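Visitor: Dumping the structure here so I can ask a few things about it.
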Amino acid sequence: MRIAVIQLAYGDEESVADRTARAADLVRAQAGHDLVLLPELWSAGGFDYRAWPERAQPVDGPVVAAVADAAREIGAVVHAGSIIERPGDETGPDGHGMWNTSVLLDRRGERVARYRKVHRFGFGSGEPRLLEAGEEVVVAELPATGSAAAVPVGLSTCYDLRFPELYRAQVDRGAQLFLVPAAWPMARVEAWRLLARARAIENQAFVVAGNTAGTHAGHQMGGHSAVIAPTGEVLAEAGDGEEVLSVQIDPAQVEQLRESFPVLADRRL
């Protein structure tokens, strides 16, 4: 399986329409990959809280539609990163009516999974003040590619990485690969790098962690997107600027490792 991780950089001066077109073109440039990943809230701005209400849209809105067109053109599964979702017919228990929602698209550009971020970052402000919390653990299936069988993938977003119980729950639902789009700042980038490896090692699963680059809303983003093997080996890691990682993985390595070094079988809690 060939994976592309698009570490998108952006600032405050780029319009949402221009950024959407540019991101879709970057997806198109990954023809030949089986899976493409975009980062968290790349269209709305990861830390641009004030702009979120005006940039909110449904999952079939213009941002996801543009990425879906690109996915269909290159015949790849694409994780569209996340959007500020306002479905229009839900308010949620907190009455906000908006979610940080990621979308997984198949090779035809059709939605196969939606994940609403469970853990909201902000310590009472930011995401908790504006957004509803997701309530579902989501594991989807990547279709078979070439000689590789279908792969169960767990969906999570950014701050979720600090909560290992979410990934255990995904493993219990069969996950062998974790897709983690993020808008993780440079100030805490070493935590990002460490936690991504930890989630791979403790769950004996691949981690595809796609972060944001650039500076927006006064926050410098951390970059350092990575693809990590179930052993914890970093197969590829980006720097702190805009970059695309291209990595070939063998999903069968997960079951092989879990059989030869059966750590998960020794769980007692």
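Visitor: Which GluC sites (Glu not before Pro) in the stretch 186-265 pass both tests, a DSSP loop state and at most 12 other beta-carbon atoms within 10 Å?
Guide: On the way: sites: Glu190, Glu202, Glu233, Glu237, Glu242, Glu243, Glu255, Glu259; in loops: Glu233, Glu242.
Here the sparse-neighbourhood loop sites are Glu233.
Visitor: To the nearest 500 deg cm²/dmol, what mean residue ellipticity at 222 nm is calculated for the chain from DSSP H runs of n ≥ 4 alone, each contributing -39,500 (n - 2.57), summed and divided by the residues?
Guide: Value at 222 nm, helices only: -7000 deg cm²/dmol.
Visitor: Report the Cα-based extents of the stretch 1-125 along its three principal axes, largest first, to the nearest Å.
Guide: For the stretch 1-125, the Cα spread along each principal axis is 42, 32, 24 Å.
Visitor: Just one of (1) 125; (2) 116; (3) 168 is volume of the Cα convex hull per residue in Å³ as worked out from the coordinates here. Which one is it?
Guide: (2)
Visitor: Sticking with this structure for a sec: Just for the chain, what percent of DSSP beta bridges are antiparallel, to the closest 5?
Guide: Details: 31 of 47 bridges.
Just about 65 percent of them are antiparallel.
Visitor: Say we join alpha carbon atoms closer than 10 Å with springs in a Gaussian network model of the chain; which of Gly88, Gly45, Gly232 then has the biggest fluctuation?
Guide: Result for the chain, Cα springs under 10 Å: Gly88 fluctuates most.
Visitor: Between the alpha-carbon centers of the stretch 1-18 and the stretch 42-113, tell me the distance in whole angstrom.
Guide: Using only Cα atoms, the two centres lie 14 Å from each other.
Visitor: How big is the charge dipole of the stretch 2-266 about its Cα centre, in debye rounded to the nearest 20, if each Lys and Arg gets +1 on its Cβ and each Asp and Glu gets -1 on its Cβ?
Guide: 80
Visitor: Relative contact order for the chain: what is it in percent, counting Cα pairs under 8 Å that are at least 6 residues apart?
Guide: It comes to 20 percent, rounded to a whole number.
Visitor: Can you give the net charge of the other residues whose Cβ lies under 12 Å from the Cβ of Leu104, counting K and R as +1 and D and E as -1?
Guide: Summing Lys/Arg as +1 and Asp/Glu as -1 gives 0.
Visitor: In addition: Find out how many positive minus negative residues lie around Gln253, taking Lys and Arg as positive, Asp and Glu as negative, among other residues whose Cβ is under 13 Å from that of Gln253.
Guide: -3
A short reminder: the numbers here are calculations on the coordinates, not readings from a lab. The model shown is predicted, which means the values in this text are computed figures rather than measured ones. Note that we place each Cβ from the backbone using ideal geometry, even for glycine, and neighbour counts take in every protein chain shown.
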